[in-house]
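A.B. asks: First, the structure itself, so that you have it in front of you.
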Amino acid sequence: MSEQAKNAFYGGLQQNLEKLREQGLYKPERVLASRQGSEVQGEDGRTLINMCANNYLGLSGQEWVAQASIDATEKYGYGLSSVRFICGTQTVHKQLEQAISKFLGTEDTILYAAAFDANGGVFEPLFDENDAIISDALNHASIIDGIRLCKAARFRYAHNDMADLEAQLKAAADKRHKIIVTDGVFSMDGTIAQLDKIVALAEQYGALVMIDECHASGFMGKTGRGTHEHHNVLGKIDIITGTLGKALGGAMGGFTSGRKEVIDTLRQKSRPYLFSNTLAPSIAGASLEVLKRLSESTELRDRLHENTAYFRKEIERIGFTIKPGTHPVVPVMLFDAPVAQKFAARMYELGVLLSGFFYPVVPMGQARVRVQLSAAHTREQLDKVLAAFEQAGRELGILKN
Ligand SMILES: *Cc1c(COP(=O)(O)O)cnc(C)c1O
């Protein structure tokens, strides 16, 4: 490569990065010097209450989960150096697949290295140009990418808009198979998909239903099975994808769950499964232990929802505006991007870790900080966080009261 060609390439990257920084879109990484948990140490030694992890059940960094992963490592070793179908399947992987199926109320489950891969590899083996995929406009990036890899016709309905979903189902009427795809819960607003209505429309128009349960598995619904339990449509969802990297332990790993013939087809044809390494046995073993405990008791799920209800009530009482709802994702609306940035920085100084979101991640004028509750938060920690919100809110003059 000539010097000139090199400069054009590397110089171009530098310019693009500089532009991101100027637009305030550059994402720096926060470095933690401790385990993940409701309280963490920053790299600077500061102790922070963590309000921005997907650690809904408080299992990341939890002693017994770490011990279960150590036990599995001792029994099954560090890794497989293989894909599943050559010599990468151990009893612990089969046990985990069965446990996930039982937990979700499905027939069978296939594991992936991440939910990103589960979504990336689910459409192409099952649908072709004769079929239609009807997708919520705000679905996760991995669903969008998965759909791109598939030849099926694409239909997009306005976010959470059932009238538009019906219009798209009509537009797709002449297609062979139709599938409606939605996040079970949308992580920016904590919006819960209207699965009861979606299932009814699917039945009316002869479509399948797929949900991505990354922000739901383990804690939505009476016994934590997910959005399908929350909306009383257990057994009526055709395909469920999810992650082991959020509520269910927090390491990594993903899955797709559904009817036997779907899962078997994916084992034969899904590229991120066929051409990528087996999930580490430590993760499979720890996830198995997590599902066992969550099936025995709803204590963590109950504590999470108590914490969520308490925080939602108190933050409004103080004088903040939140997006209404019941999910542990609580968007605290600050509307103005510079205010949201200042607010998150001030909260950090006050010992609270949370993240600000502003345009283009959320619509213009909708800047916010997003709080995520955890079962691991104590009442004392939540009260400290609320006091910090009140102080920062007063200082910046944004309280309604
Ligand atoms: C986090 C997330 C994913 C990706 O999960 P990973 O297991 O981390 O790859 C996919 N879909 C949704 C809705 C998510 O929130």
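The values are calculated or read from the model by the stated rules, or taken from the named source; none is laboratory data. Since the structure is predicted, the reported quantities are computational estimates derived from the model, not experimental observations. No Cβ is skipped: glycine too gets one built from the backbone with ideal geometry, and neighbour counts run over all protein chains shown. All accessible areas refer to the heavy atoms of the entire protein, side chains included, with ligands and DNA or RNA removed. Shrake-Rupley method; radii C 1.70, N 1.55, O 1.52, S 1.80 Å.
A.B. asks: Mean Kyte-Doolittle of at least -1.0 and a Cα length of 18 Å or more along the axis: which whole DSSP H helices of the chain meet both?
C.D. replies: Result, helices passing both filters: 63-76, 91-104, 281-296, 337-349, 379-395.
A.B. asks: Please give, to one decimal in nm, the separation of the simple spin-label points placed at residue 336 and residue 174, each 7 Å out from Cα toward the Cβ.
C.D. replies: Once both label points are built, they end up 5.4 nm from each other.
A.B. asks: Expressed in nm to one decimal, what extension gain is obtained for the pair residue 29 and residue 47 from 0.36 nm per residue of sequence separation less their Cα-Cα distance? Write down the numbers at each step before the final one.
C.D. replies: Details: separation 18, 0.36 × 18 = 6.48 nm, distance 1.71 nm.
Full extension of this stretch gives 4.8 nm more.
A.B. asks: Return the calculated 222 nm mean residue ellipticity for the chain, to the nearest 500 deg cm²/dmol, obtained by summing -39500 (n - 2.57) across DSSP H runs with n ≥ 4 and dividing by the residue count.
C.D. replies: Here the helix-only value at 222 nm equals -13000 deg cm²/dmol.
A.B. asks: May I have the convex hull volume per residue, in Å³, for the Cα set of the range 63-296?
C.D. replies: 106
A.B. asks: Rounded to the nearest 0.05, what FRET efficiency is calculated for residue 359 and residue 277 with R0 set to 41 Å and r the Cβ-Cβ distance?
C.D. replies: Using R0 = 41 Å, I get an efficiency of 0.60.
A.B. asks: At a 1.4 Å probe, what is the % contribution of carbon and sulfur to the accessible area of the range 63-296? The partial results should precede the final answer.
C.D. replies: Values: 5020 of 9810 Å².
Looking at the range 63-296 in its full context, I get 51 percent from C and S.
A.B. asks: With every protein chain left in place, what is the accessible area per residue of the chain in square angstrom, probe 1.4 Å?
C.D. replies: With all protein chains present, the chain gives 47 Å² per residue.
A.B. asks: What does the extension gain come out to for residue 391 and residue 148, with contour length at 0.36 nm per residue minus their alpha carbon separation?
C.D. replies: 82.8 nm
A.B. asks: Using a Gaussian network for the chain with springs between C-alpha atoms less than 10 Å apart, which of these wobbles most: 24, 218, 285?
C.D. replies: 24
A.B. asks: Just subtract the alpha-carbon distance of residue 259 and residue 7 from 0.36 nm times their residue separation and send over the number in nm, one decimal.
C.D. replies: Working: separation 252, 0.36 × 252 = 90.72 nm, distance 5.28 nm.
Gain on stretching residue 259 to residue 7: 85.4 nm.
A.B. asks: So for the chain, considering every pair of alpha-carbon atoms, how many percent are separated by more than 33 Å?
C.D. replies: 37
A.B. asks: Going highest first, how would you order 155-162, 248-255 by mean Cβ packing within 10 Å?
C.D. replies: Ranking, from highest mean packing down: 248-255, 155-162.
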